[in-house]
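All remarks here apply to the structure that follows.
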Amino acid sequence: MSEAPPLASRSEAPELERVDETGTREFLAFRLGQERYALPLSTVREILRIPHVTEVPRCPEEVIGVTSVRGTVTTVLDLRVRLRMPCERVTARARILLVDCWGEPIGMLVDEILQVYRLREDEVELTSALGSEGSGYVMGIGRPGSSSRRRDASGGARVQEVLILLDGIALMKEYRS
Amino acid sequence: MSQSEDDRARAEFLAEAQEIVEALSRDLLVLEDANKRGLTLPETVNDVFRGVHTLKGLAGMFSFERIAELAHVFEDLLEALRLGRVPMDGGVLDLLFEGAEGFQHLLAGAQRSDAAVDVDVEGLLARIAALEPGAASQRDILSDYDIDPNILSVLTEYEEHRLRSSFEQGRTVYRFRLQLALDAIDTSLAGLKERCSGVAEVLSYLPSSSAEVKDAIEIELLIATRVSPAELRETLDRPDGLLIPIERKRRDSIAPRMDAEAGMAAASLNQAAPEVEPSEDTGSLRSLANVVRVDIGKLDHLMNVVGELGSLRSSFVQLVERLRAHSTDRELIFEAQRIQRGFQRHLGEVQSSVLGVRMVPLSQLFDKLAVIVRQLARDQGKEVQLVVKGAETEVDKLIAEEIADPLMHIVRNAIDHGIESRDERERLDKPKVSNFGIRAFPRGNHVVIELRDDGRGIDPSLVRETAVRRGVLSEHEVGDMTPEDLMEVIFRPGFSTREVVTGISGRGVGMDVVKTNINRLGGAVEIASELGRGTTFTITLPVTLAIISALLFQTRGRVMAISLSAVREALRFEDYALRTVEGREVLDLRGETLPLCRLAELFGLSDGKSVPERMLRTATRRRRVHGGEAQQADDAEVFSSEPPVKSRSGAGFVIVIVVGNRRLGLVVDRLLGQQDIVIKPLGRSLSSVPGISGATDLGDQRLVLVVDAPAIIDEALLGRWLRPSLGGQA
C-alpha cells in the first residue's frame, strides 16, 4: 500500500548494489533442473514453501498461476519455462522465491534452494564482458572459489562450481505494466 | 518541517484547493443559469467570493504565488460584483469562468510540480479593470426613501448595496423589530433567515438598545420582499415582532426623528454590529470541521481488514457447528451461538459503514462534466442546455474516479460531433438550443448513468461502411448484422476515427477504450441511436467494487466465482432442450432463446487437474504429511456449511447472466453456493486477463478466480475480438 518504497525510481542498472567495501556481493543460489542459478540476494524478498497455486487461464505459458501471500494476490512464474528448460515434476525441495517486481512481488518457482554465495568482484564474469548476446536474462557467470586469494587458501585443486547469475529485472520486464 | 510532512501539507492544500475550485465552477454555473433568467443570486456570489478568499489565504500560506495572485484579482472582481459596482452579465461570467479554468490549470501544474505552468493573470487583471466604470454617477435611490440615517450609517457597503438594489427592483423593505433571547440569538436569527428564503431577503440585522428586558435583546431586521405585509408576517411567524415598512419620501418632506432613543440606538449599534456579522462565518467553519478527508488507500486497508474478519466469521460459524455436533453442554452451545450471532451482526454493520464511507455522490463528477459541456459548447458556438438528474446517486469513490474519463469522452463526442451547429439545427427545424441530458439512478446493486443528446444520431450504414473500410469487420460479417449490432461495432478497437462523421469519434482514444474501462469496473455500456434524433449511452456500473455477493461454481475441477449481481438464475442443464443455431448452442428458456457458453472451453481449461495442481501435487502432498494437518484435497470441503449441489447426470448447470440487455447461459459442472467475497486484483503483472476480473481468498489461503461477467458476455456474443495476444491456452 502507501508505505511501499518507491521502487519505480530504483535504478534499472544491473543489481549490484550490495557491494561492500571488499567488493563482495551476495547471491542466492538455486537449482533449476540440473543447472545452478543465482539471483542477487537483495532482489529476493522471501522464500516460500509451495503454497496452493490457482491456475489462471489465458496466461503466458510460464505463469503457473496465482497464490495468496498474506492477502496479496501474487503471480507465480515457472522459471524453467522462462529459461526454456524441460519441466520435470516439482519435488518437496521446490520453493518459491518472492522477487520484487517494481513494487509488487512476483513468485518464481525453483527446484531447490542451495545457499547464499558471497562473490568477490573477480569471481564474477559479467556477460557484457563476455560479449555474448543471449536472452538478456543472464547477468553473468559466477565462479565461487575462483578468486586468487581463495584459491591460495584452499589449495586451488577444487572442482569449479559455476553459477549462472540472473538479472532479476530483465527476467520480469514483461510483467511491468 | 520534514520533507514528507511538507509534501503531505502540499497534497492537503492541493486537495482542498481542488475542492474549492470545483465548488466555484459549480456556483458559476448556477449564477450563469440565473443570469439567463434575469436573476441575481447574492448568496451564491457571496459563496464564490468566500471560496476565492479562502483559496487566496491557503495559496499564500503554501506560497503558491500565482494562485494567490489570481485569487486576489478575482476577489476584487467579486467584491465589485457584490457591491453592485459591476453589473453581472455574460462578459463578467466569462471572465469568472476563465478565472476558474486558470485555477484548474495552475493547480494541475502545482500537482505535477511543473513550474512552467502559468496563467496570464495580468491580462485578466487589465480586462477586469476595464469593466469597472469608476464611481457610480447616478442619483442615489436611497435618498428617495425615508430611512433612518442611523441605520444607514451602520450598514456595511455590501448591505447598503443590497438595500439599494432592493429598492431598484421595486421590492418593499421592512424594518422588523423583535426581541430575542440572548442565549438563542444565533439560532433564532438563522431560523428567521431560513423561513424567509425564497420569499424575502434579510438585508441586515441590527441590535437595538431600546429594550429593557433581561436576558433578551431587541433586534431590528431589514427585510426586502415583494410579498404583502400579511404574507411576510406569516412567513416570519413571529407575532410578537413589529413590522414597519420603509416608505418612499414625499418630496420636500423633512422627517429626521433625531430623538434621544434613536441616538442611543445608533451608539449601541456601532459597537454591536461587528459582533453580529461573524456569526455567518462560524456557521460555515463548523460545517467544514465535520468533514474528514481520508486517503483512499486507508479505506482500502480497512476494507481488507473487514474482508479478513469475514473469513474469520466463516471459521467461527464452522466452529460453532462442530461444537453443536460434539458437545452436550447446551449452555455452552447456546452462549457460543449468541456470541457468534452478535459478531455477525456487528460485522455486517462495520461492512456496510466502511462501504458507506467510500460512497460519493455522482454530483462530484457531473459538476465537472457541466463545466466541460459549457466550455465545449462555447468553443464551438453551439448552444447546449445540460439537464442533470439524479446527481445525488452514490457510487464507490474508486468507481467515480475511474468512470470520469469515459464519461468525459462520451460528453466530448456528443458535443463535438453529435450535436449539430446552430445553423444546421435551424435548417433541420430542430430547437436551436440542443438538449443534453445526464441521468443517474440506482437499479438493484447497480447504478445506471444515461447520457442522451438530441443531435444527429448514428447512421448504421455509415458504421457498416467504415467498419469494412477500416478492416474491423469483413463485408460478410457486417452483412447480416442488425442495426443494433452495428451500434456495438463502434466500441471495437480500430473503429473510432475522426472520419466517422456520424457522431462518434475520438481524440486519441477511441470508444473501445471507453468500453474497456467500463468493463474493467464490472460495468457495461450500451448505445442506442436514432438517426436525426440523437444518441443515448447507457452505462451500468456496480455500486461498489469492494465486497460483492458471489455465486461459487465449479467447472472442470476449478472453483470460480461470479458476481451475483450479474446472475439472474441458475438452472439444471438437462431440464431444458438444447438446440444448435448457426453452430452455437442455445437453450429454450420459457419461450426465449438463451445463447450458451461452455466456460471451460472458452477458457481453454484442460481436462482433469489444473496445471499447477498436476505439477505441484507431489510437493503439496509431501507438505501435508510434514505439517501433519488434516487438509482436505477436495475443493468441495472449502464450503462445508452446505453440501455442493451436484447434477444427477453430470451434465451440469446453466448460470444465466445478464448485463445490460444481453443474456448468456454459462455452462458449468457444479454450483457451490453463495458467499460474500472481496475481489482483489490479479496484480499489475496479470492485470489484463480477459474474462477474469480478479481473485478472492476464501479464507483457506486458496485463491478463487472471479469471472468478469460483462467481458464474458461480450466475448461469447460478439465474437473473439476482445481477446488480446496472450497465448498459452490449450
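Any read-out appearing in this document is the output of simple, stated calculations on the displayed coordinates, not a laboratory observation. Every value quoted in this text rests on a predicted model; they were computed, and no experiment measured them. Glycine gets a Cβ as well: all are built from the backbone with ideal geometry, and neighbour counts include every protein chain shown.
Residues whose amide H comes within less than 5 Å of that of A:Val138, counting only those at least five positions distant or on another chain, are A:Asp167 (H built at 1.01 Å from N in the peptide plane).
B:Gln179: net charge of surrounding residues, Cβ under 9 Å, Lys/Arg +1, Asp/Glu -1, itself excluded? Numbers along the way, then the final one.
Values: positive: B:Arg177; negative: B:Glu218, B:Asp240.
Its environment carries a net charge of -1.
Taking amide H positions as modeled 1.01 Å from N, with prolines and chain starts lacking one, the residues under 5 Å from B:Arg598 and 5 or more places away or on another chain are B:Val667. Residues whose amide H falls under 5 Å from that of B:Leu672, counting only those 5 or more places apart or on a different chain, are B:Leu552, B:Phe553, B:Gln554, with hydrogens built in the peptide plane.
A cut-off under 12 angstrom between Cβ atoms defines the neighbours of B:Arg233, and their net charge, with Lys, Arg +1 and Asp, Glu -1, is -2.
Considering every residue in A:89-97, what mean count of other chain Cβ atoms within 10 Å of its Cβ is obtained? Intermediate values should be presented prior to the final figure.
Working: counts 6, 9, 4, 8, 2, 5, 1, 0, 0.
Mean partner shielding for this stretch: 4.
Using only atoms on other chains, find how many Cβ atoms lie within 10 Å of each Cβ of peptide B:702-710 and report the average.
Numbers: counts 6, 12, 1, 7, 0, 0, 0, 0, 0.
Rounded to a whole number, the mean comes out at 3.
For the cross-link pairs B:Lys36/B:Lys389; B:Lys193/B:Lys389; B:Lys368/B:Lys680; B:Lys298/B:Lys382; B:Lys298/B:Lys368; B:Lys56/B:Lys432, which exceed 32 Å when the distance is taken from alpha carbon to alpha carbon?
Numbers: B:Lys36/B:Lys389 20 Å; B:Lys193/B:Lys389 28 Å; B:Lys368/B:Lys680 30 Å; B:Lys298/B:Lys382 44 Å; B:Lys298/B:Lys368 26 Å; B:Lys56/B:Lys432 40 Å.
In this structure, B:Lys298/B:Lys382; B:Lys56/B:Lys432 lie more than 32 Å apart at Cα.
Each peptide among B:121-130, B:674-683, B:162-171, B:412-421 gets the average number of other Cβ atoms lying within 10 Å of its residues, and from highest to lowest they stand as B:412-421, B:674-683, B:162-171, B:121-130.
Highest mean first, how do B:142-150, B:47-55 rank when packing is the count of other Cβ atoms within 10 Å averaged over residues?
Answer by packing, highest mean first, reads B:47-55, B:142-150.
If you take the charge dipole of the range B:296-359 about its Cα centre, with +1 on Lys and Arg Cβ and -1 on Asp and Glu Cβ, which of B:Ile339, B:Gly356, B:Asn304 is farthest toward its positive end? In the range B:296-359, that residue is B:Gly356.
Sorting B:422-435, B:480-493 by their mean Cβ neighbour count within 10 Å, with the most densely packed peptide first, gives B:480-493, B:422-435. In a reduced charge model with +1 at each Lys and Arg Cβ and -1 at each Asp and Glu Cβ, the range B:304-443 shows a dipole moment near 300 debye about its Cα centre. Counting Cβ atoms of other protein chains within 10 Å of each Cβ in A:62-69 and taking the mean gives 6. Below 8 Å between Cα atoms, with a sequence gap of 6+, how large is the relative contact order for the range B:362-542 in percent? After rounding, I find 24 percent.
With a cut-off of 14 Å between beta carbons, the residues surrounding B:Ile399 carry a summed charge of -3, where Lys and Arg count +1 and Asp and Glu -1.
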